[in-house]
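Contents: one structure, followed by commentary.
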Amino acid sequence: MPLTFSKAGSGGRGGMHVLRHPQELFRRFTKEKEGGWCMPLRKGSTRETLDAVKHLEGDVNEVMKVNPNPDMAVCASESIKVGQNIVVCEQVSQDVHKHLQTILSLIKFLTGDTEGANLRAMSQNDAADLLEQLIAADLPVQLLAQLPLMQFETRKDIMNVCCALLWSGMPQHVNSHVMEYFRDHPRVFKLLVDGYANEEVALHFGVVLRSCVRHKELARAFVASGQVLELLKYASHPSIDISSDAFYSLRETLMEHKEVSSAWLSCKENFDEFFKSYNTLLKSEEYLGARQAQKLLGEILLDRHFRSVMLAYVNNERNLQIHMNLLKDKSKVIQADAFHVFKVFAANPQKTPRVQKILYQNREKLLHLLDSLVASRPDDKKFADELRSVSEKLRNLDAPLSPSMSKAPSDPTLAGVSTQHQPGRDSNGSGEYARSETAKSEVSTTCSTSL
């Protein structure tokens, strides 16, 4: 269990006791404490190093007097740093910078990094105790919450220390406590995602978030927190810096531990909510965002870990409509990326009647579009082979026989499409196919069973 430190003379060996409840890790230091805690000195320990956590705790208390609501700091740092508050924040920031350098050296020492050689006089037990004290005081998350109020170098220090805590090579018991801390903390993932709201510090929070999701245990906790959907919203942020970094974090979340993310997406409720937002990215007018979304979706649908996700996605006619529209995009690159998703719809041997009907009704125009794609990339043999294969499947497509289809609302078609690639127009020029409300999604909204 994690260690923490009691007030001097409060009982226990050397003033130290063992936490009995995990939630005690997350206690907040918003009240003045009488007295103080003490740590037993071992031979070779230095007082400056051992006092680093104690001073950091005092610094956090000082900043919290300026900003008693840490959640406000993420979005409104400039409105808080006014008048006398600026002086306080600058003084505290300098002190935090000094002590975090000590903590970072201590972590390097524990993980065998040569840059931590200046702490060789300290025992590994003392170093491990100090890090557990840092965790027990909830300082990593407290410092992240106040990061926007700090100076630039101190922001980097906070980011680096939070990432360094997740480095490999830590003593096993320390690593277990770090993982437990980040996994079970009630605020950390929301705090990291909300950090994207502030362009000044968005990249700092993004780096820490990606450090977390690279660990399988923390990736599972992150997707379970519900914050993936919030992260997806920032992937379409107007700021290119924020949207690109948020999408990078989203990609790491989905592709680093595929067994974790595929299991989460295979829950029908998660599938519906995720692709409702993700499809908006695909239709974005922002070229970079749309292309990133296309490429990642293609990778997901063609990866064996996501087989159940792929089947659910390609059996939904609304998704098909989106990619039919993208085949007509004015950008040849977007068209090519759209083809790599469209080919999964065409190659699926178990098409739903509605998907088969849409493909069958539009196959002549689709074949015309695919022929134009061949001309756009004459030197790409693999691409040309795939185009020919998909074209052959469309030519051999059987007409849907389900009698229920005759009662369904009419499907969008590709009638009137020309090689001028006017994106998103039907035969009447009335609008995008992807916006048609002709059918309900075939994926239900319950999470009781897998897709």
- Query: Do the conditions hold for GLU217, that is, is it of a type in the set (D, E, K, R), part of a helix (DSSP H, G or I), surrounded by fewer than 24 Cβ atoms within 10 Å (Cβ to Cβ) and free of Cβ contacts under 8 Å to residues at least 40 places away in the same chain?
  - Reply: yes
- Exactly one of VAL141, VAL74 is open to solvent by less than 60 Å² (accessible area, probe 1.4 Å), part of a helix (DSSP H, G or I), under 23 Å from PRO186 (Cβ atoms) and at pLDDT below 80, and that residue is VAL74
- Message: For the range 381-423, give me the residue count where each residue is open to solvent by 50 Å² or more (accessible area, probe 1.4 Å), acidic (Asp, Glu) and either modelled with pLDDT under 70 or under 38 Å from the mean Cα position of the chain (by Cα) (or both).
- Response: 1
- Note on the structure: Here the qualifying pairs (Cβ atoms under 7 Å; residues six or more apart or on different chains; first in the range 341-355 and farther than 19 Å from LEU326 by Cα; second open to solvent by less than 20 Å² (accessible area, probe 1.4 Å) and not in a helix (DSSP H, G or I)) come out as ARG354/ALA439
- Looking at the range 148-193, which of its residues are part of a helix (DSSP H, G or I), over 26 Å from ASP113 (Cα atoms) and modelled with pLDDT under 95? PRO148, LEU149
- Item | Output for the range 79-137, where each listed residue is modelled with pLDDT under 70 and among the hydroxyl-bearing types (Ser, Thr, Tyr) | SER79, THR114
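The values are calculated or read from the model by the stated rules, or taken from the named source; none is laboratory data. Predicted, not measured: the structure shown is a model, and the values here were computed from it. As a convention, Cβ positions derive from the backbone with ideal geometry for all residues, glycine included, and neighbour counts pool all protein chains shown. Calculation scope for accessible area: heavy atoms of the full protein, side chains included, ligands and nucleic acids excluded. Shrake-Rupley method; radii C 1.70, N 1.55, O 1.52, S 1.80 Å.
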